[in-house]
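What follows is a short report on a single structure.
Please treat every number below as a calculation from the coordinates, not as lab data. The structure displayed is predicted, hence computed values, not measured ones. Virtual Cβ from ideal backbone geometry, glycine too; neighbours counted across all protein chains shown.
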Amino acid sequence: MHIPPNWGIYFTLIVSFLVFWFIFSRLFFRPFLDLLSRRESRLKDLSDRTEQLIKEARAADEAREKRLGDARHAALERRDTERRAAEAEAAKKLDAARTEAREMLDDARGRIDQELRSAERELSQMGERLAAELAERVLGRPLNGSRRSVN
């Protein structure tokens, strides 16, 4: 059995499909597709901006690390320079102290030698007087040229 197509219903279905397609396209599909397109465009812009900010952050980090490295290097050089200057000053002071100590030691040795010679002269003179006095006592008379008398 063959049922012939009903062209009126067929035509009505096609027209109503096209009308509904036009209405739904205007009310739902286009705004939804436009929304998706704007969202995709915004996400792409945000992604590009994020990549740019990441690159800028890396460049800023590299610049900061370079400045920090330069500052560390300059501080190390300054510390070494100051250390060398302090060592040189300490060496100068140490040399001056050694020179002063040598001078004081030489001066003390000179005074000791002078006092020793003076003490030797005094001892020699005292020895001579004691010898003369002892000789006068033993002999019981004054020696030649001696003005002393025995008690």
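Descriptive notes on the structure:
- Potential extension, residue 19-residue 95 segment - 0.36 nm per residue separation minus Cα distance: 16.3 nm
- Between residue 137 and residue 111, the FRET efficiency from the beta-carbon distance, with R0 = 25 Å, is close to 0.10.
- Projected over all directions and averaged, the alpha-carbon convex hull of the chain occupies 29.6 nm².
- Gain on full extension, evaluated as 0.36 nm per residue between residue 61 and residue 9 minus their Cα-Cα distance, stands at 11.4 nm.
- Estimated translational D of the stretch 66-151 in µm²/s (Stokes, Kirkwood radius over Cα pairs; 10 °C; 1.306 mPa s): 82 µm²/s
- Applying both filters, DSSP loop and at most 15 other Cβ atoms within 10 Å, to the GluC sites (Glu not before Pro) of the stretch 1-93 eliminates every site.
- Between residue 53 and residue 75, full extension at 0.36 nm per residue minus the direct alpha carbon distance yields a gain of 4.7 nm.
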